[in-house]
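**Q** For reference, the structure I am asking about is given below.
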Amino acid sequence: MTHVTQSRSPATKQMFKQILSSALYAGLIAGLISALLQFWLVTPLLLEGEEYETGAKSHYAGVLIVDGEDVTASEEEEEVEAPPTTSEKLARHGMTVAMNVLVFTGFGLILAAAFGTAQMAGLEVNARTGLIWGLVGFVVIQLAPAAGLYPELPGTPADDVTLRQMWWITTVIATAVGIGMITFGANLWWGIAGAAFIALPHVIGAPHLDFYAGVAPPELAALFVSRILAVACATWVVLGGVAGYAWHKHAV
């Protein structure tokens, strides 16, 4: 018994080292890429959304109102705004980079732990399969919850935050369990049960107000949702691919 424990100990240590190194490496790269994509595609929309939230801009019936003047979409003029200071830019962008790296390193740890479980089950883990794992992570964490609780611009009223958090967590768990049942189930009934798990939170429905009262134009809100999901998909693919590559390179 002692011999078995001692022989397994180096392999266990190597597994933990592999999980940590894969997660940190993939999380850093994915987080930086996510931050860059957000600076390019998402941040400008957030800043514009904040202008509608503060009342610097208003939009009613297809008419843009800026500083008390009505400007139709075809006659929209270039606006002059006081640019943020250098320190404000650095603080905001630095926080974005730090949060992205931190969050995706955490996701990388979960993904690498799943790699370890898959490897013990006899499944191969490499960059190609890592891409698939990354897409599954995107579906579980981003896409499935967004079908009920879509990303929102600043100034968008919403239902109770606790109810929304509970529904989000339930949806993530149900989607992960459902995909696992479909993928690893022994027969058709497992697949049917998995599909039911995935659908259940959406059948119940996400908590929403009984009215719509967003202050930003619907076109801006729609563009914001599509870009958020596009950036998330690209980042998860990078996370999965890099983590899979790092895992395979340092395989036990």
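**Q** Would you kindly state how much longer the chain becomes between H208 and M99 on full extension, computed as 0.36 nm times their sequence separation minus their alpha carbon distance, in nm to one decimal?
**A** 36.5 nm
**Q** Once you have a ≥ b ≥ c as the square roots of the Cα gyration tensor eigenvalues for the stretch 128-252, tell me rounded if a/c is under 1.5, and otherwise prolate or oblate according to whether a/b is larger than b/c.
**A** Judged from the Cα gyration tensor, the stretch 128-252 comes out oblate (a/c at least 1.5, b/c at or above a/b).
**Q** Lysines near K57 by alpha-carbon distance under 28 Å, same-chain residues fewer than 8 away left out - which ones?
**A** Filter leaves K89.
**Q** First measure r as the distance between the Cβ atoms of N187 and T12, then evaluate 1/(1 + (r/R0)^6) with R0 = 41 Å and state the FRET efficiency to the nearest 0.05.
**A** After rounding to 0.05, the efficiency reads 0.75.
**Q** Follow-up. If you roll a 1.4 Å probe over the heavy atoms of the protein chains, what accessible area per residue do you get for the stretch 157-224, in Å²?
**A** So the stretch 157-224 comes to 65 Å² accessible per residue, rounded to a whole number.
The values are calculated or read from the model by the stated rules, or taken from the named source; none is laboratory data. Not measured: the values here are computed from a predicted model. Cβ coordinates were reconstructed from backbone atoms using ideal geometry, including for glycine residues, and neighbour counts include every protein chain displayed. Note: accessible area is taken over every heavy atom of the protein model, side chains too, but ligands, DNA and RNA are not part of it. Shrake-Rupley method; radii C 1.70, N 1.55, O 1.52, S 1.80 Å.
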